[in-house]
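Notes to accompany the following structure.
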Amino acid sequence: MLEVRDLSKSFGALAVTQRVSLRVAPGERRVLLGPNGAGKTTLFNLLVGELAPDSGLILVDGRDVTALSVDARARLGLARSYQKNNLFAGLTVHENLALSAACAQGKATALLADSHRDRGVVATVEEVAERVGLSELLDASVDTIPYGARRRLEVGLALASKPRILLMDEPTSGIGPGGINAFHAFLHGLPAELTILIVEHDMDLAFGIADRVTVLNHGEVVFDGPPQEARDSALIREIYLGSWGAEGGGHA
Ligand SMILES: Nc1ncnc2c1ncn2[C@@H]1O[C@H](COP(=O)(O)OP(=O)(O)OP(=O)(O)O)[C@@H](O)[C@H]1O
Ligand SMILES: [Mg+2]
């Protein structure tokens, strides 16, 4: 489904992605861990095409997409949500979701004027809003909704393109324990065939959802295996300096 081979990227002298290789199976839930600056977000930027690698390959269903644009990769089913909210300011929740859905449905020219009328767009907006718990807030401006709702809308924008591979970059950051429990339920409700890569620092959530865990440190894959092995790994504990475990995790 998604494969990365020997992917490398440097910013000047700083090697942020170093010969990263990964294979993510269809429907897999892959959790990506690693301390601040490990290169997690950079890897997502490379996967969706927002950054070009210096070397290495990215394959979707066996097809080399390394040279394809962001849009072309989106058409193959890749979508990502951002670590920092990347919403369309000044617009409503409905309009945000409609923009994403309309672009994905090739209706970008009609866009806002028709976003309340186009049946394909409206159906997607309503379905996604329901999934991310925003049905009651569709007509609210994104500038006025609570932080947790903004984080959910961030994921909703990615879902509105109906991806086959969804990358989520710290979707639960700053939303508190109640939000994390709700997010867990949301993940369980997603279609089993959706392939998910998620950067998640809440260890209970990460280990609760992961089929497999990949740990990056200084841009390198230092662990790739089942969650139980990750939990027991002395190397990973050392990298996180004991920041998970007894107190249930946290950001390193
Ligand atoms: N556009 C850029 N130009 C220069 N350096 C960059 C750029 N983007 C990222 N970096 C550097 O690359 C390294 C990896 O950053 P990245 O954002 O991928 O880490 P991360 O694992 O997502 O960290 P965090 O947990 O803080 O989100 C960092 O040292 C960062 O400063
Ligand atoms: Mg990051």
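State the volume of the convex hull built on the alpha-carbon positions of the chain, expressed per residue in Å³ and rounded to an integer. Please report the intermediate quantities before stating the final value.
Working: hull volume 31.2 nm³, N = 252.
In the chain, the Cα convex hull volume per residue is 124 Å³.
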Just the C-alpha atoms of segment 111-208: what Rg/Rh do they give, with Rh taken as the Kirkwood radius?
0.97
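May I have the count of lysine pairs in the chain with C-alpha atoms under 25 Å apart, counting pairs 8 or more residues apart or located on different chains?
6
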If packing is taken as the average number of other Cβ atoms within 10 Å across a peptide's residues, how do 212-218, 124-130 rank, most packed first?
212-218, 124-130
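Please report the antiparallel percentage of the DSSP beta bridges confined to the chain, to the nearest 5.
Of the beta bridges lying entirely in the chain, close to 55 percent run antiparallel.
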Dividing the Cα convex hull volume of segment 79-162 by residue count, how many Å³ per residue is that?
80
With the crude spin-label approximation of a point 7 Å out along Cα→Cβ, what separation in nm comes out for Phe88 versus Leu235?
4.5
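What does the extension gain come out to for Ala13 and Asp139, with contour length at 0.36 nm per residue minus their alpha carbon separation?
40.6 nm
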When only Cα pairs under 8 Å and 6 or more residues apart are kept, what is the percent relative contact order across the chain?
26
By the mean-Cβ-within-10 Å protection proxy, highest first, 155-161, 188-194, 203-209, 77-83 rank as 155-161, 77-83, 203-209, 188-194
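Calculate the FRET efficiency for Ala185 and Ser55 from the Cβ-Cβ distance with a Förster distance of 41 Å, rounded to the nearest 0.05.
Once rounded, the FRET efficiency stands at 0.50.
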Over segment 1-67 - Rg/Rh using Cα atoms and the Kirkwood inverse-distance radius
0.95
Mean accessible area per residue over segment 79-162 (1.4 angstrom probe, all protein chains present, square angstrom) is 48
Solvent-accessible area, 1.4 Å probe, carbon plus sulfur percent, for the chain
52
With a 10 Å radius around each residue's Cβ, average the other Cβ atoms per peptide and rank 33-40, 87-94, 135-142, highest first.
33-40, 87-94, 135-142
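The values are calculated or read from the model by the stated rules, or taken from the named source; none is laboratory data. All of these numbers come straight from a predicted model, not from anything done at the bench. As a convention, Cβ positions derive from the backbone with ideal geometry for all residues, glycine included, and neighbour counts pool all protein chains shown. Accessible surface is based on the protein model in full, side chains and every heavy atom, while ligands, DNA and RNA are left aside. Shrake-Rupley method; radii C 1.70, N 1.55, O 1.52, S 1.80 Å.
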